[in-house]
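Worksheet: the structure to be examined is printed underneath.
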Amino acid sequence: MSHIKVIRTDLEHEQALERLMGLMDLDPEPGSPEADELDVLALLIEKFEQEHYPIDPPDPVEAIKFRMEQQGLTQKDLVPYIGSASKVSEVLNGKRSLSLNMIRKLSSGLSISADVLIREPVQKRASEQEIDWQAFPLSDMRKRGYFEGFAGSPQELREYAAEQVGQFLSGIKEGFSLQPAMLRTSAHLRSNDKETDPYALWAWQVRVLKLAQEEVLETTYQPGTVNLEFMRRLTQESWSDKGPLIAKEYLNKHGIHLVIERHLPKTYLDGAVCKTDAGQPVIAMTLRHDRLDNFWFTLMHELAHIALHLDGSETWFIDDLDASGADPMEQEADQLAQEALVPAEHWLPETFVDAQAVAVAARALNISPCILAGRMRHEKGDHQLFGHLYRDKVRSLFESGAGC
């Protein structure tokens, strides 16, 4: 066997080709030195040509037209794969991109390799996932602005669901790892007997992390920051009309994100807590019950999870606070939240006989009377207690002040 080396230049490539042709003319016996040299040269030449003269994959539209010519098909014959005569015309004229749904049908029906038809990275990744893209609450996600830059109709969104949702999920590092259908999440879910929509919950979780990702905090969270003293200090801000906004600012200054994002249908959420990829805690609140007392209890409950549980194996705590149950971690979070809002020695429900008594007690504790009134209503199961008093709203503060 003559000396063989890696091919690096065009001249060496030409010399290798000449040697290869000479060896092929010899038609060497298998296993002979010449046959071995031929095999090695062929591999080296192929490697050089792949790196220096790559062959572009065929254009998807040209591949479809070639198959149409081969099989004598008309544009009408493509309707079952693409959807309508107008869509077929738009695809063949380059005015409409192929959706992953179309690609799968064309690949199966016309025996065109999906690798030839798939050109976008998001399509390739989406094609590798076992996901029912139509199961996402597409209409609600579209209304909420989940699909940045998409201006198509609801029908077009359904057609391009894989592309749009796949791009949405790819917006954060953890997007696909939160997939509930594959049991890839270690979320701790507190819920009622209502059946939660896993795809809606998945989309909401990704949305929360995307919003947190867009929010730059100047401070890195220090483990152990959140404790009872921290929570009580924050509760004092409830007395202000802008208490919830002050709470967000206070949390941000301690390296904690506070995201307000409405729940999606069939998720029944009040709040959640998780961590970003960088390890910053994220508290998410839906304001499903738009009341000040609900805001403060939910906030304290999620802070309690940070103080007690978030450093463990759980990556998410997702809470429907209307749900009851004997889950130890949820009971611990409830107890710490109650203690932060109203210390046990100051919770004297027998003295809160009317609205005036509630106001006096709240002033002494330096907290909003809504907190005391809300707990009284909850414990007595009487939501008419104190009439129209102490039912302050929260959502408008974030919609006008900090976004929602």
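Give me the log10 of I(q) over I(0) for the chain at q = 0.14 Å⁻¹, as the Debye formula computes it from C-alpha points; what are the numbers?
-1.16
Mind checking which lysines have their C-alpha under 28 Å from K210, skipping anything on the same chain fewer than 8 residues away?
K124, K143, K173, K194, K242, K248, K253, K266, K275, K393
Among the lysines, which have Cα under 24 Å from the Cα of K76 when same-chain residues fewer than 8 positions away are ignored?
Hits, sequence-local ones excluded: K65, K87, K95, K105.
Lysines near K47 by alpha-carbon distance under 16 Å, same-chain residues fewer than 8 away left out - which ones?
K5
Going by how many other beta carbons lie within 10 Å of each one, how would you line up T235, T220, fewest first?
Values: T235 24, T220 10.
With the fewest neighbours first, T235, T220 line up as T220, T235.
Using DSSP to define loop residues, name the trypsin sites (Lys or Arg not before Pro) in region 335-399 whose beta-carbon has at most 13 other beta-carbon atoms within 10 Å. Write down the numbers at each step before the final one.
Values: sites: R363, R375, R377, K380, R391, K393, R395; in loops: R391, K393.
Of the trypsin sites (Lys or Arg not before Pro), the ones in loops of region 335-399 whose Cβ has at most 13 other Cβ atoms within 10 Å are K393.
Give me the net charge for the shell around N366: Cβ to Cβ below 12 angstrom, other residues only, Lys and Arg +1, Asp and Glu -1.
On the way: positive: R232, R233, R363; negative: E237.
Local net charge: +2.
Okay, helix-only estimate at 222 nm for the chain: each DSSP H run of n ≥ 4 adds -39500 (n - 2.57), divide by all residues, round to 500 deg cm²/dmol; what do you get?
Values: 19 runs with 201 residues, N = 404.
That calculation yields -15000 deg cm²/dmol at 222 nm.
Please state the charge dipole magnitude for the chain, taken about the Cα centre, from unit charges on C-beta atoms (+1 on K and R, -1 on D and E), reported in debye and rounded to the nearest 20.
On the way: 42 positive and 64 negative charges, 423 e Å.
In total the dipole reaches around 2040 debye.
Once you treat every alpha carbon in region 61-197 as an equal point and sum by Debye, what is log10 I(q)/I(0) at q = 0.16, 0.19 Å⁻¹?
Reported log10 I(q)/I(0), two decimals: -0.90, -1.16.
Any chance you could list P(r) for region 4-127, counting all Cα-Cα pairs in 10 angstrom bins from zero, rounded to whole %?
11, 30, 16, 18, 19, 6, 0
So what are region 10-52's ellipsoid semi-axes, whole angstrom, largest first, if each one is the square root of 5 times an eigenvalue of the alpha-carbon gyration tensor? Could the numbers behind the result be given before it?
Working: eigenvalues 80, 24, 8 Å².
Each semi-axis is √(5λ); the values are 20, 11, 6 Å.
Considering only the other residues whose Cβ falls under 12 Å of the Cβ of V259, what net charge follows from Lys and Arg at +1 and Asp and Glu at -1?
Values: positive: R207, K210, K248, R262; negative: E214, E215, E261, E302.
Cβ neighbours under 12 Å give a net charge of 0.
Could you state the orientation-averaged shadow area of the convex hull built on the Cα atoms of region 290-404, in nm² to one decimal? Before the final figure, lay out the partial values.
On the way: hull surface 33.8 nm².
About 8.5 nm², averaged over all directions.
Rule-of-thumb check for region 184-333: C-alpha Rg over 2.2 N^0.38 Å? Could you put the intermediate results ahead of the total?
On the way: Rg = 14.4 Å, N = 150, 2.2 N^0.38 = 14.8 Å.
The value comes to 0.97.
Rounded to the nearest angstrom and ordered from largest down, what semi-axes does the equivalent ellipsoid of region 60-119 get from its C-alpha gyration tensor (root of 5λ)? All intermediate terms of the calculation are to be shown ahead of the outcome.
Working: eigenvalues 40, 37, 23 Å².
In descending order, the three semi-axes are 14, 14, 11 Å.
Ranked by Cβ crowding within 10 angstrom, fewest neighbours first, how are E215, E229 ordered?
E229, E215
We did not get these values from a lab; they are worked out from the coordinates using the rules stated. Keep in mind the model is a prediction, meaning the values are calculated, not measured. For neighbour counting, all protein chains shown are included, and Cβ atoms are generated from backbone atoms with ideal geometry for every residue, glycine included.
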